[in-house]
Amino acid sequence: MYARNRFGSLRFIIVSTLLLALALLVMLGSSQPTHRAIAADSTDGDSQIIAKGGGGNDLACRKNNPERLDCSSLEVSGYCRADGVAVFVIHNTGEPGNGNMVAPTEYRIVDENGVVVASGPIQLAGGASMTVEWSGGGTVTLWADQQVGHPGSSQPRVTLSCQPETPKPDLSLTGACKNYTDFQGTYFLVVNSGAAMNSPVGYSVVDGDGNVLQAGSFQLAENGAPNFANTFEVFLAGVYGPVTMTVDGGLSASTNCPKLE
């Protein structure tokens, strides 16, 4: 009886340990990385191009630099995405074949305090590129190491400071001549196709002689708001001839409606 109880306790401990390990793996797998490297020509979206070829003894670039492993040469560029992600592009300007990297080098993402916040290998075929995305914010610099024996002291780098773009209002203004049963005259319509306006904006409507026909202000909701809250209409019943509506900020539209008999 004692042996069976001890065996049962041991089995309980083993099973509990396995369940705990499985839970830790799930937690680690669900975490969101702040950076990832993607080869432009990779098929799985995550692996880098593993260069093949190159590195022979007959490489032209070795004529004056016999210690070079290959004829690769890296350059780095970058840009900010609208969502605030910094995108670095590492490009191997070497020719396919002789310019293939026969051994990996390294890139490092360094923050403004000089701390390396991410790193990874670079091994690209000649003419190939890879992108490195950084979503951790702040001002960061990506440094790329050239291949062993690369001439000079070149170390390509680029610095980015990316912030998500703040949505803004997007106003449009049109004018028209209306001839409805209950309205005949000049009509203007303002539509906001962007984010909600944070404050009112002024407008004025003048005739061909510069006389102010109407003036005021409006503040519109975001695009898609219910009850057409993202639109503003101006009705000028019985008003014909040259008429111009101007919205503060430079937006304007003009009409020249003929008078109906």
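The values are calculated or read from the model by the stated rules, or taken from the named source; none is laboratory data. Quick caveat: nothing in here was measured; it's all calculated off a predicted structure. Every residue, glycine among them, receives a Cβ derived from its backbone with ideal geometry; neighbour counts consider all protein chains shown.
Please state which one of 211, 192 is within 19 Å of residue 254 (Cα to Cα), polar (S, T, N, Q) and crowded, with 17+ Cβ neighbours inside 10 Å. Sole residue among the options that is within 19 Å of residue 254 (Cα to Cα), polar (S, T, N, Q) and crowded, with 17+ Cβ neighbours inside 10 Å: 192.
Once the range 247-261 is narrowed to residues that are within 18 Å of residue 170 (Cβ to Cβ) and not aliphatic (A, V, I, L, M), the residue that is surrounded by the most Cβ atoms within 10 Å (Cβ to Cβ) is 252. As a summary of the residue check, residue 176 satisfies the conditions (1) within 32 Å of the chain's Cα centre (by Cα); (2) at pLDDT 95 or above except for the one numbered (1). Scanning the range 247-261 for residues that are under 32 Å from the mean Cα position of the chain (by Cα) and either within 10 Å of residue 186 (Cα to Cα) or outside any strand (DSSP E or B) (or both) turns up 248, 249, 250.
Within the range 206-246, the only residue that satisfies the criterion of being aromatic (Phe, Trp, Tyr) and either part of a loop (DSSP other than H, G, I, E, B) or touching an Asp or Glu at 6+ places or on another chain (Cβ under 6 Å) (or both) is 240. Out of all the residues in the range 161-178, is one or more touching a strand residue (DSSP E or B) at 6+ places or on another chain (Cβ under 6 Å) and closer than 24 Å to residue 38 by Cα? Checking the range 161-178: at least one residue is touching a strand residue (DSSP E or B) at 6+ places or on another chain (Cβ under 6 Å) and closer than 24 Å to residue 38 by Cα. One residue alone among 77, 72 is in a strand (DSSP E or B) and polar (S, T, N, Q), and that residue is 77. Only residues that are buried (at least 17 other Cβ atoms within 10 Å of the Cβ), assigned to a strand (DSSP E or B) and not hydrophobic (A, V, I, L, M, F, W, C) were counted across the range 165-183, and they come to 1. Scanning the range 97-118 for residues being of a type outside the set (D, E, K, R), closer than 17 Å to residue 147 by Cβ and surrounded by fewer than 19 Cβ atoms within 10 Å (Cβ to Cβ) gives a total of 4.
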